[in-house]
Amino acid sequence: MTGNPALTIVRAWSGPRNISTALMRAWENRPDTEVLDEPLYAHYLESTGSDHPGRAEVLRAGPVALDAAVRRCVKPPVQVDTSISYQKHMAHHLLPGMELEWVGDAANVLVIRHPRRVIASYIRVRPSPELSELGLRQQMALMERFGPLPVIDADRFLAEPERHLRLWCDRVGVDLEPSMLSWPPGPRPSDGVWAPFWYGAVERSTTFGAPPPGDPAGISLPDPLEPLAADALAIYEQLLASAW
C-alpha cells in the first residue's frame with residue numbers, strides 16, 4: 001500500500017511503439033495527477049544487457065536495483081495535493097521470475113496495438129526484435145493473474161479518445177477531466193531521460209491524432225519477421241477480445 005491511503009495508483013502496461021506516452025500526457029494534464037515514467041526501465045536494461053538508445057543515460061538515472069524500482073511504484077513520490085499517481089509501464093520490463101504481488105495494488109490497464117504496426121515501427125530502432133520485447137506475453141500473464149483487466153486498443157482509442165477516456169476514468173472511479181484531451185507541446189520534467197530518443201512525435205503533439213490509415217494486416221514486414229508477427233498476433237487477438 002502507499003503511504004497516502006487516499007492516493008489512487010493507475011498503472012498502464014503497454015508494449016513499445018504504442019500510444020503510451022500520449023496517454024501519459026493526457027493523465028498528467030489533470031490537476032490532481034502526477035506521473036511516473038517507466039520506473040522499471042533501468043532495471044530491465046541492466047538485467048537484460050539490451051543495447052537501447054540512451055542506455056548509459058537510463059542506467060545513470062536509475063533506479064537499477066529491482067527493490068528500489070518497485071518501491072517507487074508502490075510508494076510513488078507525489079505532492080500533497082495529488083490524489084492520482086499515473087504510472088506508464090512497458091510490459092516487457094516485467095522479467096521472468098519477477099515477483100508481481102505489488103502489481104495488484106492499483107487500477108491496472110493493458111494498452112495494446114496491432115503487432116504489425118508495432119513491429120514495423122520498432123525495427124527502425126531494434127532490427128531483430130524478439131517476442132519478449134513486444135510485451136504481449138507479459139500482458140497476457142497480467143491478465144491471467146490479475147484479470148479481468150480493461151484493455152485499450154490503440155486504433156480503437158484514437159478513433160474515439162473521449163469515449164475511451166471516460167470509460168477508463170469510470171473504471172478508476174474518477175471524473176473525466178476535459179483537460180485530458182489536449183496538452184501543451186514540448187518535453188516535460190517528468191519525462192524519462194530516454195525521451196530525446198523516443199518522444200519526438202509526442203513532444204510535437206497537442207492532442208491525440210487520428211488512427212493510422214490502412215488495414216494493419218497489409219503492412220509489409222521482412223520475411224524473417226513473419227513468424228514473430230504471427231506469434232504476436234495470436235496473443236494480441238486474445239487480448240483484443242477484452243478491449244473497449
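The values are calculated or read from the model by the stated rules, or taken from the named source; none is laboratory data. Computed from a predicted model, the values in this text were never measured in an experiment. Please note: Cβ atoms are built from the backbone with ideal geometry, for glycine as well, and neighbour counts cover all protein chains shown. Keep in mind that these areas ignore ligands, DNA and RNA; they rest on the heavy atoms of the full protein, side chains included. Shrake-Rupley method; radii C 1.70, N 1.55, O 1.52, S 1.80 Å.
Note on region 180-196: among residues that are open to solvent by 40 Å² or more (accessible area, probe 1.4 Å) and assigned to a helix (DSSP H, G or I), the one that is modelled with the highest pLDDT is Leu181. Consider region 152-172 and keep the residues that are part of a helix (DSSP H, G or I) and touching a Lys or Arg at 6+ places or on another chain (Cβ under 8 Å). The one that is most open to solvent (accessible area, probe 1.4 Å) is Asp155. Scanning region 188-203 for residues that are more than 19 Å from Asn18 (Cβ to Cβ) and without any contact (Cβ under 8 Å) to a residue 60 or more places away in the chain returns a single hit, Pro189.
From His92, His43, which residue is out of contact with any strand residue (DSSP E or B) (no Cβ under 6 Å at 6 or more places or on another chain), crowded, with 18+ Cβ neighbours inside 10 Å and closer than 25 Å to Pro212 by Cβ? So the residue among His92, His43 that is out of contact with any strand residue (DSSP E or B) (no Cβ under 6 Å at 6 or more places or on another chain), crowded, with 18+ Cβ neighbours inside 10 Å and closer than 25 Å to Pro212 by Cβ is His92.
How many residues are within 16 Å of the chain's Cα centre (by Cα) and open to solvent by 40 Å² or more (accessible area, probe 1.4 Å) if we restrict to region 108-126? Looking only at that region, the number is 1.
Residues in region 120-151 that are assigned to a helix (DSSP H, G or I), small (Gly, Ala, Ser) and within 24 Å of Pro211 (Cα to Cα): Ala120, Ser121.
Selection of region 46-71 for residues being modelled with pLDDT under 95 and either open to solvent by 70 Å² or more (accessible area, probe 1.4 Å) or touching a strand residue (DSSP E or B) at 6+ places or on another chain (Cβ under 8 Å) (or both) yields only Asp51.
Can you find even one residue in region 14-33 that is small (Gly, Ala, Ser), touching a His at 6+ places or on another chain (Cβ under 8 Å) and either in a loop (DSSP other than H, G, I, E, B) or without any contact (Cβ under 8 Å) to a residue 40 or more places away in the chain (or both)? The answer is yes; a qualifying residue exists.
When Glu101, Glu133 are screened for being surrounded by fewer than 16 Cβ atoms within 10 Å (Cβ to Cβ) and among the charged types (D, E, K, R), only Glu101 passes. The single residue among Glu226, Glu177, Glu237 that is over 18 Å from Gly15 (Cα atoms), surrounded by fewer than 18 Cβ atoms within 10 Å (Cβ to Cβ) and free of Cβ contacts under 8 Å to residues at least 24 places away in the same chain turns out to be Glu226.
Those helices (runs of 4 or more DSSP H) of region 39-99 in which at least 2 residues are under 23 Å from Ser128 (Cα atoms) and free of Cβ contacts under 8 Å to residues at least 12 places away in the same chain, considering only elements entirely within it, cover 55-61.
What tally of residues in region 100-119 results from selecting those that are in a loop (DSSP other than H, G, I, E, B) and at pLDDT 95 or above? The qualifying residues number 4.
Taking Leu36, is it open to solvent by 10 Å² or more (accessible area, probe 1.4 Å), closer than 30 Å to Leu7 by Cβ and in a helix (DSSP H, G or I)? In short, no. If you go through region 197-207 one residue at a time, do you hit one that is modelled with pLDDT of 95 or more, farther than 26 Å from Leu40 by Cα and touching a Pro at 6+ places or on another chain (Cβ under 9 Å)? Yes, region 197-207 contains a residue that is modelled with pLDDT of 95 or more, farther than 26 Å from Leu40 by Cα and touching a Pro at 6+ places or on another chain (Cβ under 9 Å).
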